[in-house]
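This report refers to the structure that appears directly beneath it.
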Amino acid sequence: MDGFIPTRAALKKKDAEKALVVTTFEAHKKAPSKPKVHSKKEKPVSRDSDDEMDDDDEPEEPLDERRKQELDMKRYRYDVIKFGMSGFEKKEARQAKIALAVSLGAIPPKNKRINYKRLLKERKEEKAREKKKEKFASGFSSNQLLMKFKKNDKPKINNRKEKDGILGIYGKVTKDNNHKRKGGGRVQKRKS
């Protein structure tokens, strides 16, 4: 056997060459898939179940042409998108490829993880930018913002009347110093 290399243990052992088993791995190869051929007994079910159409293949041909046109249009659209991506920079092109893959049905990538402190800082900066925009908004939109605040402000006199509610008819309770107990509010025992 040409695959056997004698070692010290193999030399000591008798019939070591006969006990040797050589195995090689061969991957199982799939047979090429054959297109299904319909026999005359098994007709493909068509959408139109008219008895008038017998063995005519004419109605199926327009369907094949439509399918072919649809595939061609998909290819053309893909080529146009690909050509459009060629003008992008690397980062933008990468994002465009991801968007294309997602539109074709791929699972979108997970969001990048950001440090929580950085995230809070970014959100704070965004809020500051939005406030700045509102502050410097000019024209019609800024007037609308001012009107909103003015509409919510009501005179204070009306607010007082609303706060009284049900107890308003009984009047206001005042504290009298005459009714206070001596000794800081403690109850004193009577001496008998």
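The values are calculated or read from the model by the stated rules, or taken from the named source; none is laboratory data. Computed from a predicted structure; not experimentally measured. Every residue, glycine as well, gets a Cβ built from its backbone with ideal geometry; the counts of neighbours run over all protein chains shown.
Do the conditions hold for D50, that is, is it in a loop (DSSP other than H, G, I, E, B), modelled with pLDDT under 70, closer than 30 Å to L63 by Cβ and outside the structural domain of D64 (by TED's automatic domain parsing)? Answer is yes for this residue. Is there any pair linking a residue in segment 76-88 that is surrounded by 10 or more Cβ atoms within 10 Å (Cβ to Cβ) to one that is at pLDDT 85 or above, with Cβ under 7 Å and at least six apart or on different chains, and which? Pairs that qualify, where the first residue is surrounded by 10 or more Cβ atoms within 10 Å (Cβ to Cβ) and the partner is at pLDDT 85 or above, are I81/L100; M85/A93; M85/A96; M85/K97; F88/A96.
Among residues of segment 105-128 that are at pLDDT below 95, those with a beta-carbon under 7 Å from a residue that is assigned to a helix (DSSP H, G or I) at least six positions away or on a different chain give the pairs P108/V102; P109/I98. Does segment 18-28 contain any residue that is within 30 Å of L104 (Cβ to Cβ) and either exposed (fewer than 10 other Cβ atoms within 10 Å of the Cβ) or modelled with pLDDT of 80 or more (or both)? No - not one qualifying residue is present in segment 18-28.
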